[in-house]
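First up is the structure itself, then whatever we jot down about it.
The values are calculated or read from the model by the stated rules, or taken from the named source; none is laboratory data. Source: prediction; values computed, not measured. Because the Cβ atoms are built from the backbone with ideal geometry, glycine has one as well, and the counts that use them run over all protein chains shown. Note: areas computed on protein heavy atoms with side chains; ligands, DNA, RNA excluded. Shrake-Rupley method; radii C 1.70, N 1.55, O 1.52, S 1.80 Å.
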Amino acid sequence: MYRYDEFDATFVRERVAQFRGQVDRRLKGELSEDEFRPLRLKNGLYLQLHAYMLRVAIPYGVLSGVQMRKLAFLARRYDRGYGHFTTRQNIQYNWPDLPDVPDMLGHLADVEMHALQTSGNCIRNVTADQFAGVAADEVEDPRPWAELIRQWSSLHPEFSYLPRKFKIAITGAAQDRAAIKLHDIGLRLLKNDKGEVGFEVVVGGGQGRTPIVGPVIRSFLAKEDLLSYLEAILRVYNMLGRRDNIYKARIKILVQAVGAAEYARLVEEEWLKVKAGPLGAVPQAEIDRIQRYFAPPAYENLPDDTPSLEAKKLQDAQFKRWYQTNLTHHRVPGYSIATISLKPVDGVPGDASADQMDVLADLAERFSLNEIRVTHHQNLVLPHVRKQDLYEVYTILRAHNLAAANIGLLGDIIACPGLDYCNLANARSIPVAQKIARRFDDPKKLAEIGELRLNISGCINACGHHHVGHIGILGVDKQGQELYQITLGGSSALDASVGKIMGPGFPSDDVPDAIARILDFYLAQRSDAKERFIDCYRRLGPDPFKEALYARA
Amino acid sequence: MKVLTANRLKDGAVVYFGKNGNWLEQLSEAQILAEPSQLEEAKKRAQEDEKSQLIVAAYDFEVEPGQKGPVALSMREKIRAAHEPTILYDQGSWVTTDRVKNVSL
């Protein structure tokens, strides 16, 4: 993985020292809150419902054991013993004290981490496919390009005061696990007819108040042109994006207003100027330098068949279930990709305790070639586990309540922190997630239902990505009461779609039954056991589902 | 009737404007600002206290009188008054608290 060079290390340390001075001046009254707020936001520090919240960047979701252990340390020493992994592959701490934050950032700098640009109107954490570099369906590893974009976008002088936040996602596989069509810029590595690898560029996707599936504005971009082309996209946005209304300031609004073809034309026009300037083509030496950090690790030469594993599956039914739900085929024989669910039935989606983080750090070091990743579904991934070690990994996970066998199933609920934590929320999302998880706490039922993405947001900002849930739930406030609207038919895959609101909302206690009615209808109507929920919905359309949802016994 | 609330600068904790003009953690001890003039006066004090690095982000919200002091009407203010999420991380596990329901003081 990427290691800081002297420039990076100095840069981050200087930023910590700078923020320490800013906090000091704030506490002494030399900076007002109006002056301090944009500065603390640029260092990822929010003021939330009960306390400050620090959002730490985990670039494209990748961590080493040492880094995970540091995150555990921060949770224990400066917070209340836990952290929350987010839908943008970051981690959030909910209870830091302002005077401690510079020290927290100093500790992060010790392990080559920071909280820069995790808030504010700038380019945020670049997210990527959590199976990058190891997925069998990958064309090329997106992580070196994510790192290149990170370096280009960090404190970019021209793009530090954008009209609004800016989110970039990148994937390198046939299956899009990074939701690129729902980002301000989405990038997909693919091969053209000549067999060359380049980028498909999507611009103007997004969720929130105005969910939009982003259009492709360029079907093939040569790799060396990546930064100059991104520069052109951002320049057009920076120039023409609205600044009069924060709800109309994202790039998706601009692309919709002028049209994708016109936006593409404006970018091409700007790009000519950028290419002629100092940015130009990324030097191959620089691409090579960064790619060397992501060279495949020293895999052993192992057979793919692992008889001991088969024996364990026969002996231990729970392990077999976990094996079937949580593992993904690795491109190297004898290895497996293990997804760790942070969605135990009575847990909080995406939360992990400091003790759990320490265990995960150990697992990464012992069993995953010192690497662990965060997914935008609020889970974690051990990307390089030898098949012969899977059972031992599983038993350790099970001992620490990390072995929920629900990846991609109904139990794998994605939920924002909601009104329990967030200043922007209208309703709570965590209790609803727990009620649904308890209602469907039956492995056989989960298996029967099959692949199901259920996303919950506590407000229209959609941090739970409810618009792209196969089932989405949006919490609203109706005359002081929390009510939950249900959407169906969303998807963040390459065939992305925005979910459709079914009708009036439900009180919290009624939501599990509402979900049950939808799923009972699906199970009765699906063409066969292999027809996924989302496919059944697309085949039948919303009307029969709506009728089932609002039917009363 | 209203109450003025803010976050403490140092730790972001929820506080309420009290009868003595200080900032208190318990909603039950907050001063009920029944008259517009009282609210205005409290807001002026809040502005000064923000300048003295005591608090940030002051605003007012609706309450009703309870047996032991003001009671929040909205779910948001009930949760803030409890100073905790309704799902609490406690000694290794996540537990549902009833603090929000019991916040009527």
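Taking the options B:57, B:6, B:30, B:13, name whichever one is of a type in the set (A, V, I, L, M) and away from chain A (no Cβ under 14 Å). Give the derivation first.
Working: B:57 fails: away from chain A (no Cβ under 14 Å); B:6 fails: away from chain A (no Cβ under 14 Å); B:13 fails: away from chain A (no Cβ under 14 Å).
Only one candidate passes the filter, namely B:30.
Yes or no, residue by residue, for (1) open to solvent by 10 Å² or more (accessible area, probe 1.4 Å); (2) under 17 Å from the mean Cα position of the chain (by Cα):
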| position | (1), (2) |
| --- | --- |
| A:340 | no, yes |
| A:345 | yes, no |
| A:365 | yes, no |
| A:368 | no, no |
| A:372 | no, yes |
| A:376 | yes, yes |
| A:379 | no, yes |
| A:382 | no, yes |
### Message
For the structure I just gave you, tell me whether residue B:24 is away from chain A (no Cβ under 12 Å), aliphatic (A, V, I, L, M), open to solvent by less than 60 Å² (accessible area, probe 1.4 Å) and over 12 Å from the mean Cα position of the chain (by Cα).
### Response
no
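For residue B:90, indicate whether it is surrounded by fewer than 20 Cβ atoms within 10 Å (Cβ to Cβ), more than 7 Å from chain A (Cβ to nearest Cβ) and among the acidic types (Asp, Glu). Please lay out each step first, then the result.
Numbers: surrounded by fewer than 20 Cβ atoms within 10 Å (Cβ to Cβ): yes; more than 7 Å from chain A (Cβ to nearest Cβ): yes; among the acidic types (Asp, Glu): yes.
Yes.
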### Task
Test residue B:81 against the criterion of being open to solvent by less than 20 Å² (accessible area, probe 1.4 Å) and either in contact (Cβ under 8 Å) with a residue 60 or more places away in the chain or among the charged types (D, E, K, R) (or both), and give yes or no.
yes
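Counting just the residues of the range B:1-21 that are over 19 Å from residue A:51 (Cα atoms) and surrounded by fewer than 19 Cβ atoms within 10 Å (Cβ to Cβ), which one comes out modelled with the highest pLDDT? Before the answer, list the steps.
Pass one, the range B:1-21, residues over 19 Å from residue A:51 (Cα atoms): B:1-3, B:18-21.
Going one step further and asking which of them are surrounded by fewer than 19 Cβ atoms within 10 Å (Cβ to Cβ), we end up with B:1, B:18-21.
Working: B:1: 92, B:18: 95, B:19: 90, B:20: 90, B:21: 90.
Top of the filtered list is B:18.
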### Selection status of residue B:47, more than 9 Å from chain A (Cβ to nearest Cβ), out of contact with any Gly (no Cβ under 8 Å at 6 or more places or on another chain) and open to solvent by 80 Å² or more (accessible area, probe 1.4 Å)
yes
### Query
Name the pairs: first residue in the range A:476-494 and within 11 Å of chain B (Cβ to nearest Cβ) and without any contact (Cβ under 8 Å) to a residue 60 or more places away in the chain, second residue hydroxyl-bearing (Ser, Thr, Tyr) and assigned to a loop (DSSP other than H, G, I, E, B), Cβ to Cβ under 6 Å, at least 6 apart or on different chains?
A:480/B:74
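Regarding the range A:75-97, can at least one residue be identified that is among the basic types (Lys, Arg) and in contact with a helix residue (DSSP H, G or I) (Cβ under 7 Å, 6 or more places away or on another chain)? It would help to see each step written out before you state the result.
Taking the range A:75-97 and keeping what is among the basic types (Lys, Arg), we get A:76-77, A:80, A:88.
Of the ones still in play, those that are also in contact with a helix residue (DSSP H, G or I) (Cβ under 7 Å, 6 or more places away or on another chain) are A:76.
Within the range A:75-97 (the criterion being among the basic types (Lys, Arg) and in contact with a helix residue (DSSP H, G or I) (Cβ under 7 Å, 6 or more places away or on another chain)), the answer is yes, since at least one residue qualifies.
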### Query
In the range A:82-100, which residue that is under 24 Å from the mean Cα position of the chain (by Cα) and not in a loop (DSSP other than H, G, I, E, B) is nearest to the other protein chains (Cβ to nearest Cβ)?
A:82
### Task
Take residue A:109 and decide whether it is in contact with a strand residue (DSSP E or B) (Cβ under 6 Å, 6 or more places away or on another chain) and either part of a helix (DSSP H, G or I) or modelled with pLDDT under 95 (or both).
no
### Task
Please enumerate the residues belonging to the range A:293-332 that are open to solvent by 70 Å² or more (accessible area, probe 1.4 Å), part of a loop (DSSP other than H, G, I, E, B) and not aliphatic (A, V, I, L, M).
A:296, A:300, A:301, A:303, A:305, A:331
### Query
Does the range A:263-273 contain at least one residue that is without any contact (Cβ under 8 Å) to a residue 24 or more places away in the chain and open to solvent by less than 80 Å² (accessible area, probe 1.4 Å)?
no
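Please go through the range B:60-75 and pick out each residue that is away from every other protein chain (no Cβ under 11 Å) and outside any loop (DSSP other than H, G, I, E, B). Spell out how you get there, then give the answer.
Here is the first cut: in the range B:60-75, the ones away from every other protein chain (no Cβ under 11 Å) are B:60-61, B:63-71.
Within the range B:60-75, B:60, B:61, B:63, B:64, B:65, B:66, B:69, B:70, B:71 meet the criteria.
Right, residue A:155: open to solvent by 30 Å² or more (accessible area, probe 1.4 Å) and either farther than 16 Å from residue A:374 by Cβ or not in a loop (DSSP other than H, G, I, E, B) (or both) or not? Quick ask: steps written out before the conclusion?
Details: open to solvent by 30 Å² or more (accessible area, probe 1.4 Å): yes; either farther than 16 Å from residue A:374 by Cβ or not in a loop (DSSP other than H, G, I, E, B) (or both): yes.
It is true that residue A:155 is open to solvent by 30 Å² or more (accessible area, probe 1.4 Å) and either farther than 16 Å from residue A:374 by Cβ or not in a loop (DSSP other than H, G, I, E, B) (or both).
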### Query
Which condition number in (1) away from chain B (no Cβ under 14 Å); (2) in a helix (DSSP H, G or I) is the one that residue A:120 fails?
(2)
### Query
Scanning for something open to solvent by 50 Å² or more (accessible area, probe 1.4 Å) and closer than 30 Å to residue B:78 by Cα, does the range A:404-424 turn up at least one residue?
yes
### Summary
Of (1) without any contact (Cβ under 8 Å) to a residue 40 or more places away in the chain; (2) surrounded by 23 or more Cβ atoms within 10 Å (Cβ to Cβ), residue A:107 fails just (2)
### Condition broken by residue A:458, with the remaining ones in (1) surrounded by fewer than 23 Cβ atoms within 10 Å (Cβ to Cβ); (2) within 14 Å of chain B (Cβ to nearest Cβ) satisfied
(1)
### Task
Mind listing whichever residues of the range A:246-283 are closer than 22 Å to residue A:151 by Cβ, of a type in the set (A, V, I, L, M, F, W, C) and modelled with pLDDT of 95 or more?
A:251, A:267, A:271, A:274
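Working only within the range A:337-351, note down all residues that are within 14 Å of chain B (Cβ to nearest Cβ) and either closer than 25 Å to residue A:386 by Cβ or of a type outside the set (A, V, I, L, M, F, W, C) (or both).
The initial filter retains those residues of the range A:337-351 that are within 14 Å of chain B (Cβ to nearest Cβ), namely A:342-351.
A:342, A:343, A:344, A:346, A:347, A:349, A:350, A:351, listed by residue number.
Just checking, does the range A:168-176 include any residue being of a type in the set (Gly, Ala, Ser), in a loop (DSSP other than H, G, I, E, B), buried (at least 21 other Cβ atoms within 10 Å of the Cβ) and away from chain B (no Cβ under 14 Å)?
Here is the first cut: in the range A:168-176, the ones of a type in the set (Gly, Ala, Ser) are A:169, A:172-174.
Within this subset, residues satisfying the condition of being in a loop (DSSP other than H, G, I, E, B) are A:172, A:174.
Subset that is buried (at least 21 other Cβ atoms within 10 Å of the Cβ): A:172.
This time we only want the ones that are away from chain B (no Cβ under 14 Å), so: A:172.
So far as the range A:168-176 goes, yes, one or more of its residues are of a type in the set (Gly, Ala, Ser), in a loop (DSSP other than H, G, I, E, B), buried (at least 21 other Cβ atoms within 10 Å of the Cβ) and away from chain B (no Cβ under 14 Å).
If a residue must be open to solvent by 40 Å² or more (accessible area, probe 1.4 Å) and either away from chain B (no Cβ under 14 Å) or among the aliphatic types (A, V, I, L, M) (or both), how many such residues does the range A:10-33 contain?
Taking the range A:10-33 as the starting set, the residues that turn out to be open to solvent by 40 Å² or more (accessible area, probe 1.4 Å) are A:10-11, A:13-14, A:17-18, A:20, A:24-25, A:27-28, A:30, A:32.
If we keep only those that are either away from chain B (no Cβ under 14 Å) or among the aliphatic types (A, V, I, L, M) (or both) too, we end up with A:10-11, A:13-14, A:17-18, A:20, A:27.
Of the residues in the range A:10-33, 8 are open to solvent by 40 Å² or more (accessible area, probe 1.4 Å) and either away from chain B (no Cβ under 14 Å) or among the aliphatic types (A, V, I, L, M) (or both).
Yes/no matrix, rows are residues, columns are (1) in contact with a strand residue (DSSP E or B) (Cβ under 7 Å, 6 or more places away or on another chain); (2) closer than 20 Å to residue A:123 by Cα:
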{"position": "A:255", "(1), (2)": "yes, yes"}
{"position": "A:260", "(1), (2)": "yes, no"}
{"position": "A:263", "(1), (2)": "yes, yes"}
{"position": "A:281", "(1), (2)": "no, no"}
{"position": "A:285", "(1), (2)": "no, no"}
{"position": "A:289", "(1), (2)": "no, no"}
{"position": "A:295", "(1), (2)": "no, no"}
{"position": "A:299", "(1), (2)": "yes, no"}
{"position": "A:302", "(1), (2)": "yes, no"}
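Of everything in the range A:461-476, what is part of a strand (DSSP E or B) and open to solvent by less than 20 Å² (accessible area, probe 1.4 Å)? Give them in sequence order.
Taking the range A:461-476 first, the residues part of a strand (DSSP E or B) are A:471-476.
Across the range A:461-476, the qualifying residues are A:471, A:472, A:473, A:474, A:475.
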### Task
Mind counting the residues in the range A:524-553 that are over 32 Å from the mean Cα position of the chain (by Cα) and under 17 Å from residue A:469 (Cα atoms)?
0
